[in-house]
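The values are calculated or read from the model by the stated rules, or taken from the named source; none is laboratory data. All figures in this text were calculated on a predicted structure; none of them were measured in a lab. A quick note on method: Cβ atoms are made from the backbone with ideal geometry, for glycine too, and the neighbour counts reach across all protein chains shown.
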Amino acid sequence: MSRDPLAVVIAVVIAVTGVVATGSAPASAAPTASAASGAGRGAGVSLPRLPGRYQVGTITRELVDHSRQDPFAPTPQPRSVLVQFWYPAARAGQCTPAPYMSPATAAFEEKAAGLAPGAIASIRTHACVGGSAARSHAGWPVLLFSPGSGTSRSLYTAMAEDMASQGFVVVAIDHPYDAEIVEFPDGRVVLRDQPPEGPTSNAVAVVVRADDVHFVLDQLPVFDTAPGGPLRDDLDLHRVGMFGHSMGGAAAAAAMLTDDRIAAGVNLDGSFYGPVVDAGLDRPFLLMSSAGHDIRTDPSWVSTWANLRGWRRDLELADSGHLTYSDIAVLYGPLHLNAVLPPAAVGTIDGVRAVDIEQTYLTAYFDHFLRHAPAPLLEHPDPRYPEVLFMG
């Protein structure tokens, strides 16, 4: 079973996966997501509460790579990417709540999915816009994130906020002309423009994403040294990891192959593309998958797994779907997404429970390989999480 991208309109964004219609994929109490009745018509929906000790701040920036032409733009121009930081924030008396999506992006997705105007604005995040990062003796470890093909970074807000609340700086990248829509801070909008999907075009897209990652890594010292900046002296660029969903997971592996600044990586349910399949990696790499997708069923996983020479693990989340590794897991019910997205996309596992499990294992992984914390959770099944199957 592969996880190649496909364009399929979903309620909050247009997510992409090749098997969304066919993939199928209570132990301990999990955080809850709340919703008033009729959330799809604009009532409030809250993302799951944060498990960490830190408040969360967020900023969004455009970065322009003048050394590289955009391979997808209709006219010659430097490659631009949009990045959003989520970080542990210093406690402040006032908070400007971060919107779930920027205005044009929200309007685009609502129209595409047939949601009432304001439905996406009703999704309540936990982050505050701006504000200084909380102080850390050695700086916070940095986690790069790449979303699924055709998908906005916003669809992974719960995951990003969760990691930030536990002491990581998450840097999520929107890849223009790949995401269905990217809205830059100046209001400029770039829509998706990609060739027909297939192994060749997917491999090209992964290369561009990996180049985006390298560029973003090159720019992070600017944020760490900017006078008066919210992240000044707060990024530990010697402790960098990367994770991604679907094609973003493939991009994480591709970026690791050519950039040894990335110490550990995670692929959330995405097929692999490009040289990394045969070359493998010599650093830690975690695979997490939906039900029925593992190192036995996806040929790209079979080949890549054989060439992973560092620490490796394949964990499968029982009763999940491909989009369980996104905010759709918790928004599916409150926003009545069953009208536009088949149930197999999220499986039968409770969405909030799934997010709690995913975040628990991601935190344990990055705590272990970036902070050297013990991680027995990664070594054998845990009775608190019977949904997690150790496949390799």
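Exactly one residue out of 253, 203, 172 is crowded, with 24+ Cβ neighbours inside 10 Å and not in a strand (DSSP E or B), and it is 253.
Screening residue 314 with (1) surrounded by fewer than 17 Cβ atoms within 10 Å (Cβ to Cβ); (2) closer than 27 Å to residue 241 by Cα gives one miss only, at (1).
Scanning the range 68-95 for residues that are exposed (fewer than 12 other Cβ atoms within 10 Å of the Cβ) and either touching a helix residue (DSSP H, G or I) at 6+ places or on another chain (Cβ under 8 Å) or within 30 Å of residue 45 (Cβ to Cβ) (or both) yields 91, 93, 94. Take the conditions of a type in the set (Asp, Glu), under 21 Å from the mean Cα position of the chain (by Cα) and farther than 29 Å from residue 235 by Cα and apply them to residue 161. Does it pass? Taking the combined requirement at face value, the residue does not satisfy it. Quick check, is residue 63 of a type in the set (A, V, I, L, M, F, W, C), surrounded by fewer than 21 Cβ atoms within 10 Å (Cβ to Cβ) and at pLDDT 95 or above? Answer is yes for this residue. Within the range 227-250, how many residues turn out to be among the aliphatic types (A, V, I, L, M), assigned to a strand (DSSP E or B) and within 19 Å of the chain's Cα centre (by Cα)? Matching residues across the range 227-250 total 2. Count of the range 342-364 residues, restricted to those that are farther than 17 Å from residue 321 by Cα and in contact with a helix residue (DSSP H, G or I) (Cβ under 6 Å, 6 or more places away or on another chain), is 1. Being over 21 Å from residue 349 (Cβ atoms) and touching a Phe, Trp or Tyr at 6+ places or on another chain (Cβ under 7 Å) is a property that residue 279 lacks. I'd like to check something: does the range 377-385 contain any residue that is hydrophobic (A, V, I, L, M, F, W, C) and over 17 Å from the mean Cα position of the chain (by Cα)? Taking every residue of the range 377-385 in turn, at least one turns out to be hydrophobic (A, V, I, L, M, F, W, C) and over 17 Å from the mean Cα position of the chain (by Cα). What do you reckon, is residue 102 among the hydroxyl-bearing types (Ser, Thr, Tyr), touching a helix residue (DSSP H, G or I) at 6+ places or on another chain (Cβ under 9 Å) and farther than 23 Å from residue 244 by Cβ? In short, no.
Look at the range 92-128 and say how many of its residues are of a type in the set (Lys, Arg) and closer than 24 Å to residue 144 by Cα. Here the count works out to 1.
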